[in-house]
1. Is it the case, given these coordinates, that Phe198 is more than 30 Å from Val500 (Cα to Cα), in the same structural domain as Val49 (by TED's automatic domain parsing) and assigned to a helix (DSSP H, G or I)?
2. Output the residue which, of all residues in region 168-184 that are assigned to a helix (DSSP H, G or I) and without any contact (Cβ under 8 Å) to a residue 60 or more places away in the chain, is surrounded by the fewest Cβ atoms within 10 Å (Cβ to Cβ).
3. Within region 282-315, track down each residue that is small (Gly, Ala, Ser), touching a strand residue (DSSP E or B) at 6+ places or on another chain (Cβ under 8 Å) and in contact (Cβ under 8 Å) with a residue 60 or more places away in the chain.
4. Is region 320-340 home to any residue that is in contact with a Ser or Thr (Cβ under 6 Å, 6 or more places away or on another chain), β-branched (Val, Ile, Thr), closer than 27 Å to Tyr485 by Cβ and in a helix (DSSP H, G or I)?
5. Can you name the condition, by its number, that Glu441 falls short on among (1) closer than 20 Å to Gly217 by Cα; (2) surrounded by fewer than 24 Cβ atoms within 10 Å (Cβ to Cβ); (3) of a type outside the set (Phe, Trp, Tyr); (4) modelled with pLDDT under 95?
6. Determine whether Thr292 is surrounded by fewer than 16 Cβ atoms within 10 Å (Cβ to Cβ), modelled with pLDDT under 95 and either farther than 29 Å from Glu229 by Cβ or in contact with a Phe, Trp or Tyr (Cβ under 6 Å, 6 or more places away or on another chain) (or both).
7. Given (1) modelled with pLDDT under 95; (2) in contact with a strand residue (DSSP E or B) (Cβ under 6 Å, 6 or more places away or on another chain), identify the lone condition not met by Pro421.
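The values are calculated or read from the model by the stated rules, or taken from the named source; none is laboratory data. Because the structure is predicted, anything quoted here is derived from the model rather than measured. Cβ placement follows ideal geometry from the backbone for every residue including glycine, while neighbour counts extend to all protein chains displayed.
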Amino acid sequence: MTFPRLSATDDPADVVLLLEGTYPMVRGGVAGWLDQLIRGLPQYRFAVVFLGSRPQDYEGLKYELADNVVHLECHYLMGSTLTRSGRRPGSCPRAFERSRALHDRLGQPGGDIDDALAEVAALVGQGSGLSRNDFEGSQLAWDEIVERYTTCYDETSFLDYFWSVRNMHSPLFMLADLARRLPRGRCLHAISTGYAGFLGALARHQTGTPLMVTEHGIYTKERHIDLLEADWIHAPMDPLSHGLKAESGYLRRLWIRFFHSLGRMTYQAASDITTLYDGNRRRQLNDGAPATRSRVIPNGIRIERFRPLREATQANTRPVMVLLGRVTPIKDIKTFLRATRQLQLQLPELEAWVVGPDDEDPLYAQECRDLAEQLKLGENLRFLGFQKTEDILAQARLVVLTSISEAQPLVVLEALAAGVPVVTTDVGACREMVLGDGSPEQAAGQVVPIANPQATAAAAATLLKDTAAWQAAREVGIERVEQHYTEKLMLERYAERYQVAMEDAMADSEEPACATARHGQNIDA
């Protein structure tokens, strides 16, 4: 497959997007938002750098690239191969001493990281730092790993520890290499911390190009959840946990600290940090984001897409309950299935649809299908795969979101704009989107605890059985989205942030003003 590429003689892109596991190779809320952002700002030229796990984990482009995507390149963190240096492995004992000191400092909660990014960049960069040869083939690296293992980790096998260290650090050498040869751009925009954000931090350090960071979900929080559930981390069971994985295992703590450190260094390098609601911003501040550089820019949707659906949704009488989302553990599809079973007892005619791609976690998707069979949901439950959102909402009486972690999910806004009330878990910005100021007359649906099928079923039953409650929620939802969550407002805010970043970069470099015209209003987000 041929991707658009910038040549050395082309003008730089306006924005270089740094993306991990999302657009354009994966469908989902963030990926859809990125497609919306790119298409909604045709005045800017975007270069896209995608980071994934392995090539075989992706089936090619899931989105048709917009005309203003002028460059796309894809890189894979697992099993990557880099050109190795000709230097003899282990010929830099001073670099290993610096690496040991840096690891000790980053391992201390709340430790000073002001110069950590520069130190990491020096250690994995060219010159007097560590090469991949050093890390993977030197006696000094082996001795360091053995010493750390015997000092800190004696719970299970040395092999588990060795490969965790290897898999954790190897991508950093790849990122350092990528940072030196990113496509030229006037500003960098990472849509997470993690590996993509740290790539931006390294590039910011090396080139001075301004870095923006936007988080929908907080990356460190979501990786924390994933790591607690990860079967590939071998750790002893806590005897008091009744079979749950022990959070105190050294390897879990090691991975959690690793991603937390990447996040802190990324925040320090960013000149502009945005997220979707104030609860997320507070989490970012707690994780090390400077308050003076952070702001809230809510999601917005194209209202015009969903207004035409309101006549159809007003006329819907079939009890069709829909979950729109990827079939992954973070969406907690299993709670939706269990709630469906309980709701069947009250509404035998209930139809429950799971609408979203199921190829991201095939094992979990199969577990969900097996659970549906065990619960004897029969024809009441349908897995429909990816579908056009408008086609599904036009048939829905209720949208249900059972996620254990979200930021400001677009599906909630889309459902409300179409005139479909929502039942959602109390995650991210869902409470303020659905309940407004919290008064009963401002409710566009109901909010329930995480992983609670009983509460989910009860909330859904109220809206499906009480026509007056359903109608009131519908009207509130339509009004709220029209007033506060439009695409136009969101795009104006991001255009203003891009323009500020590019103007600051030009001022710093004393280059002539670029031809890109200033668009949008200067809106205090």
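1. Details: more than 30 Å from Val500 (Cα to Cα): no; in the same structural domain as Val49 (by TED's automatic domain parsing): yes; assigned to a helix (DSSP H, G or I): yes.
For Phe198, the condition - more than 30 Å from Val500 (Cα to Cα), in the same structural domain as Val49 (by TED's automatic domain parsing) and assigned to a helix (DSSP H, G or I) - is not met.
2. First, the residues of region 168-184 that are assigned to a helix (DSSP H, G or I): 168-180.
Still in the list and also without any contact (Cβ under 8 Å) to a residue 60 or more places away in the chain: 169, 172, 175-176, 179-180.
Values: His169: 18, Leu172: 23, Leu175: 25, Ala176: 25, Ala179: 23, Arg180: 13.
It comes out as Arg180.
3. Scanning region 282-315 gives a single hit, Gly300.
4. yes
5. Exception for Glu441: condition (1).
6. So Thr292 fails the test.
7. Evaluating Pro421 over (1) modelled with pLDDT under 95; (2) in contact with a strand residue (DSSP E or B) (Cβ under 6 Å, 6 or more places away or on another chain) leaves (1) as the failure.
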